[in-house]
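Heads up, the thing below is written out as structure tokens.
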Amino acid sequence: MEIHWLIIAMVTGVFVGTAVTWLLCRVRITTLNEQYIATQQDLANTRADLDLKSETVSQLNQVIVRLETTLEHERKTTYEKLNILNDATLKLGDAFKALSSEALKSNNQSFLELAKITLEKYQTEAKGDLEQRQKAVEHLVTPIKQSLEKVDTQIQELEKARQQAYGSLTEQVKSLIYTQEKLQSETGNLVKALRTPTVRGHWGEIQLKRVVEIAGMLEYCDFDRQQTVTTEDGRLRPDMLVRLPGGKNIVVDAKTPLLAYLDALESTNDDQRLSKLRSHAQQIRSHMTKLSAKSYWEQFQPTPEFVVLFLPGEMFFSAALELDPALIEEGAKQHVILATPTTLIALLRAVYYGWRQEQVSENTRKISELGQELHERIATMVEHLTKLGGSLGKAVEAFNAAVASFEGRVLPSVRKFEALGAGSKKEIEELTPIDKNPRVLMEIQGEHDTRIC
């Protein structure tokens, strides 16, 4: 028995672990796909920005080329002017030499000096203009150079981030493939375990108990294995008895027809899979017929005229119902209600609601009994208080009569003793009659009030 429970615990753990691992893998794949799509979108945006910046750089390069062309043209023009001026100076000097050296000596010297000054001034202006043009070109080129450097840096960073992202994605995909292979292995082990009749039976009972826990009905469900009935056909032992308010019961029997269903899942041929699913539906119908023949509702009285056939998985029932839609109707005719975890939870919750109403009714009855007992005790106490009130009234009347007698007959004689000097130092206090009567109690009888004197 301990080995059976150990196998059940292992199978349940493997099943739960498999389901959780599958869900985690599915969520992880969805997250990785979303990250991959986001990375692709960022890469596309970066490429678009890079194309725009490349176009800007191309335009700026064209501007630089035009500026350099203009600068070169200005340089050539300046050199040509200087050459022309030099040629004119040489020609002018030769012309003056041809004249009388004596007559034009001073004028020639002055003209040469003036020409020299003019030439130096022109060269200075041309040089300054050339430096300004160079500075202007540098001023235009420097921002472009800086922008290109920034673009290059961003491209390198994006490429590095892309490589890291793809590297991480590759590792995650490898991990996912390993997890998937492990999941397939564990699933295969689970399928092998569920092919064992004993394991299937215990798994069905565990699922049944889990459904009861979810519905909060453990208090009202019996899983006692000794709950058996001996008939002419043998011993009947249901898997669970659901206790109803009023002392009635519902019999639940768990079945796990999985062989044909598991064979259908493993089939690669559509015709073979359809044939296995038909066998699965036939197995459920056979269990239903056998369970109807046991007539549990006659053996476990009082109980409704039906028994619940519990299938521990929604997929088992839906697969059979798809190929045999008359299962539900046929089960109703045979007094067998087919239930999956979802429908059984709904049934048990309805029964739980009935128990809550039963508790409310029981509490109401107890409150009514307590109210009657309290009313009787209060009535008895009122009787005693009424008697006490009557006694107090008589005591007050007797006290007032004693005070009147004391004041009318005893006190005058005492005053005479005092007048004769036979009194004591202690004064006699004045007695005051009691002019209050005990409060009248009210006794409620039906809807009318009557006074009790």
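Laboratory data are not the source of any read-out in this text; all were calculated from the coordinates shown. This is a predicted model, so every value here is computed, not measured. Cβ atoms come from the backbone with ideal geometry, glycine included; neighbour counts cover every protein chain shown.
Report the calculated FRET efficiency for GLU305 and THR380 (r = Cβ-Cβ distance, R0 = 56 Å), to the nearest 0.05.
The computed FRET efficiency comes out at 0.60.
Based on other C-beta atoms within 10 Å, arrange ILE337, ILE84, ILE155, ILE284 from fewest to most. Intermediate results must be reported in sequence, preceding the final value.
Details: ILE337 20, ILE84 10, ILE155 15, ILE284 24.
Ranked by crowding around the Cβ, least crowded first: ILE84, ILE155, ILE337, ILE284.
On a 18 Å Cα-Cα criterion, which of the cross-link pairs LYS209/LYS290; LYS209/LYS294; LYS209/LYS255; LYS276/LYS333; LYS209/LYS333 come out too long?
LYS209/LYS290; LYS209/LYS294; LYS276/LYS333; LYS209/LYS333
Could you give the length gained by full extension between ARG409 and THR289, i.e. 0.36 nm per residue of separation minus their alpha carbon distance, to one decimal place?
Extra length available between ARG409 and THR289 comes to 32.3 nm.
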